[in-house]
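Read the structure below first, then the notes.
The values are calculated or read from the model by the stated rules, or taken from the named source; none is laboratory data. Not measured: the values here are computed from a predicted model. Using ideal geometry, Cβ is built from the backbone for each residue, glycine included, and neighbour counts are taken over all protein chains shown. Protein only, heavy atoms only, side chains kept; ligands, DNA and RNA dropped before computing areas. Shrake-Rupley method; radii C 1.70, N 1.55, O 1.52, S 1.80 Å.
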Amino acid sequence: MESENRPLDALNRARGHRVMVELKNGKQFIGTLKAFDIHINTVMDDAEERIDGSTTRRLGTVFLRGDTIILISPE
Amino acid sequence: MESENRPLDALNRARGHRVMVELKNGKQFIGTLKAFDIHINTVMDDAEERIDGSTTRRLGTVFLRGDTIILISPE
Amino acid sequence: MESENRPLDALNRARGHRVMVELKNGKQFIGTLKAFDIHINTVMDDAEERIDGSTTRRLGTVFLRGDTIILISPE
Amino acid sequence: MESENRPLDALNRARGHRVMVELKNGKQFIGTLKAFDIHINTVMDDAEERIDGSTTRRLGTVFLRGDTIILISPE
Amino acid sequence: MESENRPLDALNRARGHRVMVELKNGKQFIGTLKAFDIHINTVMDDAEERIDGSTTRRLGTVFLRGDTIILISPE
Amino acid sequence: MESENRPLDALNRARGHRVMVELKNGKQFIGTLKAFDIHINTVMDDAEERIDGSTTRRLGTVFLRGDTIILISPE
Amino acid sequence: MESENRPLDALNRARGHRVMVELKNGKQFIGTLKAFDIHINTVMDDAEERIDGSTTRRLGTVFLRGDTIILISPE
């Protein structure tokens, strides 16, 4: 029970599922959450970048540095 | 008594209740506070984003990186 | 005597009193100082937001993340 | 002798005297230096804010978060 | 298995291969990933800079400071 | 020999001599380097501020917070 | 072999040679790399500043604070 009250547990439950990551520069990345660490460094597979709702790039695997991330939300 | 004088105790009392989180980019998120840690990384359920008072997105569960947060206030 | 020479002692003396907190985004919050920690994370009760001297919101209890704070001054 | 070669020793010698503190947002605060710590969190008494050389506010006691400070100089 | 769930493992698998690094200032660097550390300080060989999709400089070996990096993606 | 290869050794050799310090806000300070620490917090004596090459203020002793400094160069 | 896979090893091989350092404010410094540390604080000799490809200043020895650096590349 206690362990479900830590923020990283929410990320852990999203592992293997599609998530949306929003960055400080306003860009979004949609992909399958593969890995994260305590800095919120994050790796996604089958990732695509979206700006203003439109897919602008398909990137495959992408490593995002944690300090550029605003939020992560399961799709 | 002493423990009630620490900032994270105020967040702890808000756990399970609706809170408003305001970010450095000016956006607000309203949702049920599920979890937070010492970095103020925060997880909300049933979250919606508001910009200038209007609901702009419904996000379900959202993980917010602590360093993007300005304030958290119970609704 | 020595202890009165540390910055957090000034905050400690303000606990329970009305203070004005000014943020990096230019906003001010006036409220009763309830709690703070070494990161200057701060909790106020009966808080109101002021922009350019006008009260723009009443927030009740508010948690302010320390790294967004420029200054704290007793009213 | 050695101890006089550390930056905080210069601040220590200014304790109890009028100093000017300049912030990253361009504002200056003039007041009596009461306390500081290794983060350069600073407390001044009888403080006034100056913008472009004009006194814009009288604040009494003010706590300034260290990371907002550019410089401190004795008057 | 567990080790494949850490973000730096994804970078480790990209070592020796062409990657695209995107910086906070909007520039991209394409090159062969030679080295990285826990700060995401990164060294590339045969690197070229791209702005808006056009090659603007050829730099040979380049050391990129980790805190300027938004993302790293294998080509 | 080895010790001459550390960046702070260069600052140490400049102690007692005139140096130019350039800040992130574009201002320069010229003065006698008195003290510095590992955060590059720096104290100068007989300091003057220069903007665009013109002396804009004479400050006597000035404490500069390290994180505002871009570079230090002996005159 | 392993040691050649760490980013600072690339800087170590550049010691004593001409390098180009690019800063977050867009300026470049060209000089002989004398010293660096784990924060990427860097000292160059015979340094000159370049803006938009033109030499704008000759600085002799210059200490650059690591957090202002984007990249370092051997000439």
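Its alpha carbons give chain G an Rg and a Dmax of 12.0, 40 Å.
Can you pull the mean other chain C-beta count within 10 Å for peptide D:55-67? Mean partner shielding for this stretch: 6.
Accessible surface computed residue by residue for chain F, with neighbouring protein chains in place and a 1.4 Å probe, gives 46 Å² per residue. Centre-to-centre separation between the Cα atoms of segment B:16-67 and those of segment A:2-63: 17 Å. Sorted on the mean count of surrounding Cβ atoms within 10 Å across their residues, most packed first, peptides A:62-68, F:54-60 read A:62-68, F:54-60.
Assuming charge only on the beta carbon of Lys and Arg (+1) and of Asp and Glu (-1), the dipole of the protein assembly as shown about its Cα centre is about 720 debye to the nearest 20. Peptide A:34-45 has a mean shielding of 5, counted as Cβ atoms of other protein chains within 10 Å of each residue's Cβ. If Lys and Arg each add +1 and Asp and Glu each add -1, what is the summed charge of the other residues whose beta carbon sits under 12 Å from the beta carbon of residue B:23? Once positives and negatives cancel, what remains is +2. Net charge of the neighbourhood of residue C:48, taken over other residues with C-beta under 9 Å away and scored Lys/Arg +1, Asp/Glu -1, is +1. Per-residue mean of foreign Cβ neighbours for E:20-31 is 3 (Cβ atoms of other chains, 10 Å radius). Between A and B, buried accessible area from a 1.4 angstrom probe totals roughly 1500 Å², ignoring ligands, DNA and RNA.
Positive-end ranking of C:60, C:10, C:30 along the dipole of chain C, with charges on Cβ about the Cα centre, is headed by C:60.
Over the protein assembly as shown, the pair-distance histogram of Cα-Cα distances with 20 Å bins from zero comes to 20, 49, 30, 0 percent, rounded to whole numbers. The alpha-carbon of residue A:24 sits under 26 angstrom from the alpha-carbons of these lysines, leaving out residues fewer than 8 places away in its chain: A:34, B:24, B:27, B:34, C:24, C:27, D:24, E:24, E:27, F:24, G:24, G:27. Of the solvent-accessible surface of the protein assembly as shown, computed with a 1.4 Å probe and all protein chains present, 47% belongs to carbon and sulfur.
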